[in-house]
Structures are given as structure tokens and as C-alpha cells.
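Asks: Right, I'll just put the structure down here and ask away after.
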Amino acid sequence: MAITATLHGGSPIAHGAHRYENNAATREQPWVRRLILTLALAFFVLFLLMPLVVVFHQALAKGWGAALAAVTDPDALAAVRLTLLAAGIAVPLNLVFGVAAAWSIARFEFRGKQILSTLIDLPFSVSPVIAGLIYVLMFGAQGWFGHWFIEHDIKIVFAVPGIVLATMFVTFPFVARELIPLMQAQGRDDEEAATVLGASGLQTFWRVTLPNIKWGLLYGTILCNARAMGEFGAVSVVSGHIRGQTNTMPLHVEILYNEYNFAAAFAVASLLAMLALVTLALKSWVEWQANRPVAQQEII
Amino acid sequence: MSIQVEEISKTFAGVTVLDRVSLDFPTGQLVALLGPSGCGKTTLLRVIAGLETADAGRVILEGEDASRTHVRERQVGFVFQHYALFRHMTVFENVAFGLRVQPRKQRPKEPEIRRRVTRLLELVQMQWLADRFPQQLSGGQRQRIALARALAVEPRVLLLDEPFGALDAQVRKELRRWLRALHDDLHVTSIFVTHDQEEALEVADRVVLMNRGRVEQIGTPDEVYERPASPFVYSFLGAANVFRGRVEGANVRVGEATLNHDGSDADHGADVVAFVRPHELDIVTDLSAPNGVDALVRRILAFGGSARVELDGIEEVKAGAEPTHYEVVLPRERAGTLTQGQQVRLVPTPLRVFRQEAA
């Protein structure tokens, strides 16, 4: 995955670019450089920066007061709470599952390993809408387990549990996919060394495995969290759109927008956008930390 | 501590890696497991450590069957080819690791840990690097730290898997000598795996030669070098000139030529493969000498006190076939009289012959 490349090969690439640029033998002609740079920048401004600016601009179209009112509206606050709750449950669980899956795939040989490794990618390859429908079919009133849940008075679909399940499904691959190549590249030597030195399985995990994968794990968790908070499709199917109860932030934005309440919609959207910016900042910090020599890192 | 392995067999995906290997490693010795890559030496070492389970056979540590003992309880020290130092810990913490993970009751107190780690770092002459991280060390320094870490738990056996394999030639030579000196100080029963015959012969008390999952020969470096037990051992332990032919009395007939043999494994009429080391082969310019193989001088490489002469068998050259290559080591002055392209006769001090295996 490209993520691993940036996480572990960042600094040598930067050095390489510098060297190529200073060397007359490998330097490109000025017009080639300018053309490529212009293309990249134009794309960046048009498709990435502009929309971001528009979000904030629209949010403030009716002034700070209106934006603040939209964000502090009880329904909006309920949506924020639900989003935080869904991410707060889905991300830690996926962290545990992701580490377990990566550990078993990278460290052990077993029957069906290839299938498991492929299945991990399923949430990436399946449309989120279908992911949502799966849960409706399984837990909905007409679904496989629907009767049992109705008899026991447990609501899954069109309720918070369904939203959490859908979020978990969609964000499952992030941690595992980040860790598998990392753990495969590191090999088993360190863990074997710890075991020979008398460490128990748990000691080996806490003292050797976890520190070795900590930056990759953090990186995967950040991406997982960003997706968990921003997920729309799967959550939309299982949510039922009950205001103040089963609306997450992205769903709330959609409702406001459909009601032609543009300023309010963009005000809530700007919260999500800010979340994205924080995520990006965190991600860059992790990359920077991971690429520094160990000695300069503070030991976490 | 003594180590015995009995009838160890191991198969990986249908390939037999160890084929009923039985060995006895006496207490206090430094033994080399030597062989080409894929001969099963590393697997055997890992079976002894407990990192790999054998399909059949037993590992006996100090007279006790340890085949079912967990790696943690075997009290072995293991040194990996690529060091396997914990990169997020300082050198000091790496060495202290084995002490810190001990159960609370057995774990030494902090001052005791400090004392023992410091002593080990002094032993490997690395005390000044205690606060560094593995990334900041050279390969040779890393391997010394790995060794100190393995010794920290006071292992009963020290197992080293190609310990110098990842180092460059200069450092390797230096560490070899250092390991030997360290072993003479500590006398921990040690086994080290290597594919470098020079390393094995120079460092070990005893050498175990392995090929294709079997033990070919066991002996002191002198024994295995001077009296190789099989064609494999002969050719693996150094450069060799090979002749294939048939025994005729005191000679071996190789094509048109006849060569003396040492009578070791030579019934009249037997098909044999015969060996002679480059320094045991002489070049004579008198082409009427009674024994020897005719050859053409191809290249003369003279550096230091001796010269290496490379030659091609003349019979094949005449027949237009791919010639047999020979190699001779001579004192430098003698090589000076030869010229490139000259026809000469190669006369071996008696050949070491092995009966040709029916193949």
C-alpha cells in the first residue's frame, strides 16, 4: 500500500529529489518542470483547496451568528454526539481486531490465510450502500435474525447499534492493511529474540511488537477515525434518519441541505472539514515522527 | 552443558531439510555447523533452541529430554544473523531485557541489573555505547551487543546463527578472533552456524559438516581438512582439482593420462573421483615425465609470496570440447619461468580418491 511507502521511505525520497535537482546531469529542462508544477498546483487548487474554501465561505454566508446557531442547534449537537459515539466504539474495536488480524497474517502460517487476507479488503471493494443493506437484511424486521431481536426487544437497524456496526464494517481494513506489510517487513526475529530471552507472549507483545509497530498503528487509527466520522453511505442505509436520534453529522448535513438550509448545512459541514484538517495535521506529525531516527524520538 | 540430538528429522513443504541427524555436542566446546546454504544447519540450530519443532527425534539438554520444553525454559542464548536488537531500546535496555522480563520473584533488583549489564557491556567492550540506540551502531558493534544480550540470562548453551554473515570481511575477521577469545574466557557450550569454511576451521574446536540434511563428517578442523571423509567434504573445504577415472594398480587412468593415487579407496578397476589441492599439484615442463596430465597455461596471477596458475586440460582443447580447468599454487619464483600458452604437465602428489557413487 502506498501509505507504507510514505511512512517508511519518506526521508530518502526527499534527499533523492534534492540531489537530482542540484545535479546538471539529471536536471529536467525548465519548461518541463514548470509545466508539471503548474498542472499539479492547478489541480490542487481547483479540486482540493477551492471546495474547502467554499465550505467555510458558505458556512459564514449568513454571518457568524447563524453558523453558531446551526452548530449549537439541539439536533446538530445530537448528531455530533452520535458521530463521536459511533467512532468512539468502532475505532477502538477495529484497533484490536486490526492488530489481531495483522498479527495472525504476518506471523503465522495457517489454512485459509490467503482468504482471510483477501476478505480484509472486502469493505474497501464493496460499495458502502451494500454494506448498509447487509445489516438491514441480517438484523432488520424482515431479516434473518429480525424476529429474534424483535422478540427480545432489541433494536439494531434504524438505531444506534446498527450505525456502530455499519461504521465498524466500513472502517475495518484501515488498521490491518497498515500493519500487515509493516509486520511482514520486520519479520519474526525480534519476537523470537524476546522469547528466547524468556519473555512471555504478553511481555513480547507489549515490550517488543507494539513499540515496533506503534507509528503504523497510530497512522492506521487516524485514518480509521477520519473515515468513521465521515462515513455516509452505509450509515445512511441503517440509520432511518430520525432527527436527534439516529442522525450522524454527515447525515445531518444532507438533511439540512435538502431543506435548502444551505448556510446551516455548510456550518455543520465545516465542523467535519475541520476534523479532516486536524486528521491531516496529526497524520503529518506521525509521518515526521516515524521518519526521524529513533534516538531523537521521545519514547512513548 | 552437553547437548545431544537424536534422529532429528524435519520436512518443509515436502522437502527434507534434516534427515535423521544425530549429534553429540560436548560441554564447553565451540562447535561449528558448516555447510552450503540449504543444507539444514540453521534449521538444526533452531530445533535445538526450540524455535522450530522437529517432525521426529529428540533434543537432549544435559541428559534431559527437552523436546517438549518451551523455548523460554530451555535457557539458551541465541544470536541472530541480523542481530534482532530491539530498535526502540538503548543498548543498555537491550542487554537488560532478559533480566527485566523474569518473573518478579526471580528478577534481580535494579542495582543488581545495572551491575550485571555494565559488566556484560565491559565484557564485549561496549560500555561507552550504553545509551545509544542500535541504529547508531555499526554492524560489528550491534552483533557484540546481541551477544551480550544473549549472555545476560546466563544461558547454558549459546547458539549463533551465521553471526558474522551480515558483516564485511574486515570486521568479520576481527570478530572471529574476538569470539574465540571470549569463548576461551567463558567456556559456555556454543554452536555456531556458518557457510564460510575458513571461519569454521579458524574458530571452532570441532566442525560438523552438513550436506542436504545429513551429517557428512565430524572432527577437529585439522581432521576434516587433512582427512576429508567424502568428495563433498573435500571440495567444500577448499579449492580442489577434480579428476574422474578408473583405478589401474597404483595409478588412476584419466583419459590418456595416468596419475598416482594414495591407495585409500581404490580397488583395481573401480570408477573413482580423485582430488588434489592446488598447492599439492606440481607443474613440470618436461613433457616426457611418466605421470601427469597435459595442460595449457592460461593465466598466471602472482601476488604476495605465491602465485596461482590457471590451466586448461589439453585433451579437451584438442577435441574442441569445453576444457577442464585446473588451478595450481606455486612459489612465486617458480611461476616466473612459465609463460602464457605454454604446454606443461601437471603432476600431483598422490591423489585422494573416492569411489564414484553409482549415479
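Asks: Name the residue, out of B:His88, B:His82, that is touching a residue at least 60 places away in the same chain (Cβ under 8 Å) and within 11 Å of another protein chain (Cβ to nearest Cβ).
Replies: On the way: B:His88 fails: touching a residue at least 60 places away in the same chain (Cβ under 8 Å).
After applying the criteria, what remains is B:His82.
Asks: Quick one: in the stretch B:5-19, which of the residues that are out of contact with any Ser or Thr (no Cβ under 9 Å at 6 or more places or on another chain) and β-branched (Val, Ile, Thr) is nearest to B:Ala66 (Cα to Cα)? Before you say what the answer is, go through the steps one by one.
Replies: Here is the first cut: in the stretch B:5-19, the residues out of contact with any Ser or Thr (no Cβ under 9 Å at 6 or more places or on another chain) are B:11, B:13-15.
From the residues that got through so far, the ones that are β-branched (Val, Ile, Thr) too are B:11, B:15.
Details: B:Thr11: 20, B:Val15: 25 Å.
The selected residue is B:Thr11.
Asks: Search the stretch A:146-189 for residues being over 19 Å from A:Gly240 (Cα atoms) and touching a Pro at 6+ places or on another chain (Cβ under 8 Å), and hand back the single one that is surrounded by the most Cβ atoms within 10 Å (Cβ to Cβ).
Replies: A:Thr171
Asks: Here's another thing I want to ask about it. For the condition assigned to a helix (DSSP H, G or I), of a type in the set (S, T, N, Q) and within 12 Å of chain A (Cβ to nearest Cβ), what is the one hit in B:Gln135, B:Gln106, B:Gln102, B:Gln143?
Replies: Details: B:Gln106 fails: assigned to a helix (DSSP H, G or I); B:Gln102 fails: assigned to a helix (DSSP H, G or I); B:Gln143 fails: within 12 Å of chain A (Cβ to nearest Cβ).
Step by step, each of B:Gln135, B:Gln106, B:Gln102, B:Gln143 is checked, and only B:Gln135 is assigned to a helix (DSSP H, G or I), of a type in the set (S, T, N, Q) and within 12 Å of chain A (Cβ to nearest Cβ).
Let's see how each residue does on (1) among the charged types (D, E, K, R); (2) within 30 Å of B:Leu151 (Cα to Cα):
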site	(1), (2)
A:Glu178	yes, no
A:Gln184	no, yes
A:Asp190	yes, yes
A:Leu202	no, yes
A:Gly220	no, no
A:His241	no, no
A:Gln245	no, no
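Asks: Still on this structure, I have one more. Being surrounded by fewer than 20 Cβ atoms within 10 Å (Cβ to Cβ), touching a residue at least 60 places away in the same chain (Cβ under 8 Å) and facing chain A (nearest Cβ under 9 Å): is that true of B:Gln29 here? Break it down into steps so the answer makes sense when it comes.
Replies: On the way: surrounded by fewer than 20 Cβ atoms within 10 Å (Cβ to Cβ): yes; touching a residue at least 60 places away in the same chain (Cβ under 8 Å): yes; facing chain A (nearest Cβ under 9 Å): no.
Criteria not met by B:Gln29.
Asks: So, restricting to helices (runs of 4 or more DSSP H) that lie completely within the stretch A:123-225, which ones have at least 1 residues that are without any contact (Cβ under 8 Å) to a residue 24 or more places away in the chain and over 30 Å from B:Glu93 (Cβ atoms)?
Replies: Working: elements: A:128-139, A:146-151, A:160-171, A:173-186, A:189-196, A:201-204.
Filter on the stretch A:123-225 gives A:128-139, A:146-151, A:160-171.
Asks: Ok, one more. Checking B:His261 against (1) closer than 30 Å to B:Pro323 by Cβ; (2) under 12 Å from the mean Cα position of the chain (by Cα); (3) not polar (S, T, N, Q), which test does it fail?
Replies: Answer for B:His261: the failing condition is (2).
Asks: Given the criteria assigned to a strand (DSSP E or B) and at pLDDT 90 or above, does B:Val21 qualify? Write out each step before concluding.
Replies: On the way: assigned to a strand (DSSP E or B): yes; at pLDDT 90 or above: yes.
Judged against the criteria, B:Val21 is a match.
Asks: Turning to a different aspect of this structure: Could you list all residues from the stretch B:146-187 that are in a loop (DSSP other than H, G, I, E, B), surrounded by 16 or more Cβ atoms within 10 Å (Cβ to Cβ) and away from every other protein chain (no Cβ under 14 Å)?
Replies: Scanning the stretch B:146-187 gives B:Phe164, B:Leu167.
Asks: Right, something else. Inside the stretch B:272-311, can you point out the residues that are surrounded by fewer than 19 Cβ atoms within 10 Å (Cβ to Cβ) and touching a His at 6+ places or on another chain (Cβ under 9 Å)?
Replies: The answer is B:Arg298, B:Ser306, B:Glu310.
Asks: A follow-up question, please. Residues in the stretch A:15-50 that are of a type in the set (Gly, Ala, Ser) and part of a helix (DSSP H, G or I): how many? If you could, list the steps in order and put the result at the bottom.
Replies: Pass one, the stretch A:15-50, residues of a type in the set (Gly, Ala, Ser): A:16-17, A:24-25, A:40, A:42.
Going one step further and asking which of them are part of a helix (DSSP H, G or I), we end up with A:16-17, A:40, A:42.
Adding up the residues that qualify gives 4.
Asks: In the stretch A:70-87, which residues are closer than 16 Å to A:Ala263 by Cα, in a helix (DSSP H, G or I) and in contact (Cβ under 8 Å) with a residue 60 or more places away in the chain? If you could, list the steps in order and put the result at the bottom.
Replies: We begin by selecting, within the stretch A:70-87, every residue closer than 16 Å to A:Ala263 by Cα; these are A:70-73, A:75-76.
Subset that is in a helix (DSSP H, G or I): A:70-72, A:75-76.
Those that are closer than 16 Å to A:Ala263 by Cα, in a helix (DSSP H, G or I) and in contact (Cβ under 8 Å) with a residue 60 or more places away in the chain: A:Ala70, A:Val71, A:Asp75, A:Ala76.
Asks: For the stretch B:121-129, check the following and say yes or no: at least one residue is closer than 12 Å to B:Arg149 by Cα, more than 8 Å from every other protein chain (Cβ to nearest Cβ) and in a helix (DSSP H, G or I).
Replies: Yes, the conditions are met somewhere in the stretch B:121-129.
The values are calculated or read from the model by the stated rules, or taken from the named source; none is laboratory data. The shown structure was predicted, so the numbers you read here are calculated from the model rather than taken from an experiment. Cβ coordinates were reconstructed from backbone atoms using ideal geometry, including for glycine residues, and neighbour counts include every protein chain displayed.
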